C-alpha cells in the first residue's frame with residue numbers, strides 16, 4: 001500500500017476528531033447551464049463519469065447510488081436514462097481521454113463528473129487535475145450537455161496546504177465555469193466508519209442512499 005493510501009486510511013480513521021474538513025463554500029450559480037443548453041441537449045441520457053465511488057466497487061451489483069438514482073427517477077415519473085461510465089481507479093486524466101467518445105456515443109443531456117479522488121491518492125499535480133476538469137466541462141457543454149461536478153476532499157494529514165488546495169479546487173473550477181456543484185460528495189459520511197468497507201476508503205451499501213441524497217438537490221435543478 002503506497003504512502004498516499006496509508007494517509008487516507010489514517011485520515012478516515014480519525015473520525016469525528018476532525019480528520020476530514022467540512023466545506024462551507026456556497027454552491028456556484030449554474031445559470032450558464034440554463035435554457036440554451038437545455039434546449040440543445042434535448043432529452044438525452046444522464047451520463048456519469050466517475051471512479052470507484054460510482055462504479056459499485058466492493059458492493060453488490062445494483063446497490064450503488066447510481067442504481068438508486070435510476071429508481072428515484074422512475075419513482076418520480078421521470079423518463080431519464082442513466083448511463084454509468086464510471087471506472088474504478090479512474091483519474092481526471094483518464095476521464096478527459098474518454099469524454100469525447102462518451103459524448104459522441106451517448107449524446108447526454110446531463111453529465112455528472114465524479115473524479116479527482118484518485119488524483120489526490122497518487123499525489124498528482126492539482127493544476128493538472130484542475131485543467132482536466134475544466135476541459136471535461138467545456139467539452140460536455142460544447143456537446144450541448146448540462147454539467148454537475150461532485151466535489152471531494154482529502155484528510156488534513158496529507159498536509160494542510162495540499163488538503164486546502166484540493167478542497168478549493170472544485171469550488172474554483174465550478175465558479176470559473178459556472179457549473180453546478182455538490183461541494184462534498186461524501187458529506188455526512190467521511191468521518192463515520194460504519195459507512196465504509198473494511199478498507200476504510202470505499203463506501204459500503206448503507207452509504208449509497210446518503211450519497212444519492214447529497215447529489216439529488218443539485219441534479220434536480222438540471223433535470
Discussion item. So, in the range 185-203, how many residues would count as being under 13 Å from residue 53 (Cα atoms) and surrounded by 17 or more Cβ atoms within 10 Å (Cβ to Cβ)?
Written reply: 9
Discussion item. Among the residues in the range 120-136, are any in contact (Cβ under 8 Å) with a residue 60 or more places away in the chain, farther than 26 Å from residue 203 by Cα and not in a helix (DSSP H, G or I)?
Written reply: no
Worksheet item: Only one residue in 94, 151 is modelled with pLDDT of 95 or more and either in contact with a helix residue (DSSP H, G or I) (Cβ under 6 Å, 6 or more places away or on another chain) or closer than 22 Å to residue 223 by Cβ (or both). Which one?
Response: 151
Discussion item. Checking residue 66 against (1) modelled with pLDDT under 95; (2) under 17 Å from residue 220 (Cβ atoms); (3) under 17 Å from the mean Cα position of the chain (by Cα), only one condition comes out false. Which one?
Written reply: (1)
Response to the item:
Quick count over the range 71-90, residues being within 23 Å of residue 137 (Cα to Cα) and without any contact (Cβ under 8 Å) to a residue 40 or more places away in the chain, is 9
Discussion item. Out of 169, 121, 133, 103, I need the residue that is modelled with pLDDT under 95, within 27 Å of residue 83 (Cβ to Cβ) and in contact with a helix residue (DSSP H, G or I) (Cβ under 8 Å, 6 or more places away or on another chain). Which one?
Written reply: 121
Worksheet, complete the sentence: Considering residues that are at pLDDT 95 or above and more than 12 Å from residue 112 (Cβ to Cβ), the number found within the range 78-88 is 3
Discussion item. Just to be sure before I move on: is residue 103 in contact with a strand residue (DSSP E or B) (Cβ under 8 Å, 6 or more places away or on another chain) and buried (at least 24 other Cβ atoms within 10 Å of the Cβ) in the structure I sent?
Written reply: no
Worksheet item: Does the range 147-170 include one or more residues that are within 17 Å of residue 50 (Cα to Cα), part of a helix (DSSP H, G or I) and touching a strand residue (DSSP E or B) at 6+ places or on another chain (Cβ under 9 Å)?
Response: yes
Worksheet item: Given the structure, is residue 189 in contact with a strand residue (DSSP E or B) (Cβ under 7 Å, 6 or more places away or on another chain), free of Cβ contacts under 8 Å to residues at least 40 places away in the same chain and closer than 22 Å to residue 223 by Cα?
Response: no
Worksheet item: Across the range 178-217, which residue is farthest from residue 151 (Cα to Cα) among those that are under 15 Å from the mean Cα position of the chain (by Cα) and part of a strand (DSSP E or B)?
Response: 203
Worksheet item: Among the residues of the range 138-167, which ones are buried (at least 24 other Cβ atoms within 10 Å of the Cβ) and within 15 Å of residue 98 (Cα to Cα)?
Response: 140
Worksheet item: Which of (1) modelled with pLDDT of 95 or more; (2) assigned to a loop (DSSP other than H, G, I, E, B); (3) under 27 Å from residue 173 (Cα atoms) is the odd one out, the single condition residue 27 does not satisfy?
Response: (1)
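The values are calculated or read from the model by the stated rules, or taken from the named source; none is laboratory data. Worth saying up front: this structure is predicted, and the values here are computed from it rather than measured. Positions of Cβ are generated from backbone atoms using ideal geometry, with glycine treated the same way; all protein chains shown enter the neighbour counts.
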